[in-house]
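Chemist: Handing you a structure now.
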Amino acid sequence: MQQLSPVRRRLALLSLALGGFGIGATEFVAMGLLPNLAADLLPELYAASPEEGIAQAGWLISAYALGVVVGAPTIAASTAHLPRKRLLLFLLAAFTLGTVASALLSTFGLVLVARFVAALPHGAYFGIASIVAADIMGPGNRGKGVALVLSGLTIANVVGVPSITWLGQVAGWRSAYLVVALIFAATFLAVAATVPWQPGDAQASFRRELSAFRRPQLWMTIALAAIGFGGFFAVYSYIAPVVTDVAGLDSGLVPWVLVGVGVGMTIGNMLGGWLADIDLRKTLYAGFALLITSLLGFALTAGNVVGLLLCSLLVGLASSAISPAVQSRLMDVAGDAKALAAALNHSALNIGNSLGAFIGGATIAAGFGYLSPAWAGLVLALIGVAIATVSFGLERRRLRP
């Protein structure tokens, strides 16, 4: 990679993080607008039963998550040989077009398809951008490089998601997605202007990348992320009705609760990236311990405004602290398939997104109330810890002389 001036290096890293900001906005803004989406796209169902309408609107979250799951491994495995800057620009163009389609299509079914398509570049972008950022930052900074790109996503939850959610509530949810499309278009221009050319992996092939799936540790790491993170998404997907129906607050306060979650995610991401470079295993266990504690606190205290704000912040902090460690773990256990491994973290997280949103919606539709997803999420997080324990135990046994 060419030598960069300090200013060019910072601009390149900020450009990559801006892409994460756009992804955070497009992925999470629906969670604060589910009542608006349900009222507009499912008017008859929402009028008859707001709970069922909101639960079905949650399919839009699941559709996006499934798009990430499908797109991350297929795009990463088939494009690892391409120059990385060219690939990033292609992915950003696809994001822009898919998000515009999400804003303009007229029916629930078409918007559902558009959300799936818009999600396809998600994992590949984060995977390739993390590798590029780590190369720009230099040796020994893999966890920090992952955290830097993810910082765009977490900062989006402080600034972007709440403000775009407010816009969607005031001017309609379609305007929210058009703003997100503009963010992707701006990122395209920024990456084109600042990110240096980097070659792809000349030895990479679709077969070699997919050979990583023969490794049991890869599957266990995917499972611990997917199931463990389902706990966060079970809560976050239905945060809007918790604010209004459980805590009894005005809907205008939903963006402020999202700010709290975003602050927690931003702190957790940077802390997790730093700690993952020191001790990956302890970072994972500490993150899951905090996630379990905060989910329990949310389930017990979200009816109180202080409990709601504090526990939602801690849920965001814990989940984001785990993410850089999971991505580093995947890259450790995937052998030569680094691009695939970096992308698979986001497949795993979005399996968790889909799983959490689905289970949370099912518990609500079954009549258990808007706090029931937190209890379901607590169980998912405990399962994630169990999988991590088995994974590390098998690794120790294999390395034992």
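Chemist: Which number in (1) touching a Pro at 6+ places or on another chain (Cβ under 8 Å); (2) under 25 Å from ASN157 (Cα atoms) marks the one condition that ILE75 misses?
Modeler: Of everything listed in (1) touching a Pro at 6+ places or on another chain (Cβ under 8 Å); (2) under 25 Å from ASN157 (Cα atoms), ILE75 misses just condition (2).
Chemist: Taking the stated definitions as given, is ALA381 at pLDDT 90 or above, surrounded by 22 or more Cβ atoms within 10 Å (Cβ to Cβ) and within 17 Å of the chain's Cα centre (by Cα)?
Modeler: yes
Chemist: Can I ask one more? Which of the residues that make up the stretch 76-125 are without any contact (Cβ under 8 Å) to a residue 40 or more places away in the chain, crowded, with 17+ Cβ neighbours inside 10 Å and part of a loop (DSSP other than H, G, I, E, B)?
Modeler: Matches in the stretch 76-125: LEU105 only.
Chemist: Restricting attention to the stretch 237-260, and to residues there that are among the hydroxyl-bearing types (Ser, Thr, Tyr) and under 18 Å from the mean Cα position of the chain (by Cα), which single residue is nearest to GLY367 (Cα to Cα)?
Modeler: TYR238
Here is a yes/no grid of residues against (1) among the charged types (D, E, K, R); (2) assigned to a loop (DSSP other than H, G, I, E, B):
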{"residue": "GLN3", "(1), (2)": "no, yes"}
{"residue": "GLY20", "(1), (2)": "no, no"}
{"residue": "THR26", "(1), (2)": "no, no"}
{"residue": "ALA30", "(1), (2)": "no, no"}
{"residue": "LEU37", "(1), (2)": "no, no"}
{"residue": "ASP40", "(1), (2)": "yes, no"}
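Chemist: Separate question: Give the stretch 307-360 a look and list any residue that's of a type in the set (Val, Ile, Thr) and either surrounded by fewer than 24 Cβ atoms within 10 Å (Cβ to Cβ) or out of contact with any helix residue (DSSP H, G or I) (no Cβ under 8 Å at 6 or more places or on another chain) (or both), or say none.
Modeler: From the stretch 307-360, those of a type in the set (Val, Ile, Thr) are 315, 322, 326, 333, 351, 359; that's our starting set.
Residues satisfying the conditions are VAL333, ILE351, ILE359.
Chemist: If a residue must be part of a helix (DSSP H, G or I) and under 25 Å from VAL29 (Cα atoms), how many such residues does the stretch 245-287 contain?
Modeler: First pass over the stretch 245-287, keeping only residues part of a helix (DSSP H, G or I): 245-246, 251-276, 280-287.
Going one step further and asking which of them are under 25 Å from VAL29 (Cα atoms), we end up with 245-246, 251-273, 287.
Result for the stretch 245-287: 26.
Chemist: Would you pick out the residues in the stretch 1-36 that are surrounded by fewer than 23 Cβ atoms within 10 Å (Cβ to Cβ) and over 18 Å from LEU92 (Cα atoms)?
Modeler: MET1, GLN2, GLN3, LEU4, SER5, PRO6, VAL7, ARG8, ARG9, ARG10, PRO35, ASN36
Chemist: Determine which single condition ARG115 fails, assuming it passes every other condition in (1) at pLDDT 90 or above; (2) under 21 Å from THR194 (Cα atoms).
Modeler: (2)
Chemist: Also, I was wondering about something else. Could you check GLY335 against (1) in a helix (DSSP H, G or I); (2) farther than 27 Å from TRP256 by Cβ and say which number it fails?
Modeler: (1)
The values are calculated or read from the model by the stated rules, or taken from the named source; none is laboratory data. A quick note: this is a predicted structure, and the numbers were derived from the prediction, not measured. FYI the Cβ positions are ideal-geometry reconstructions off the backbone, even for glycines, and counts take in every protein chain you see.
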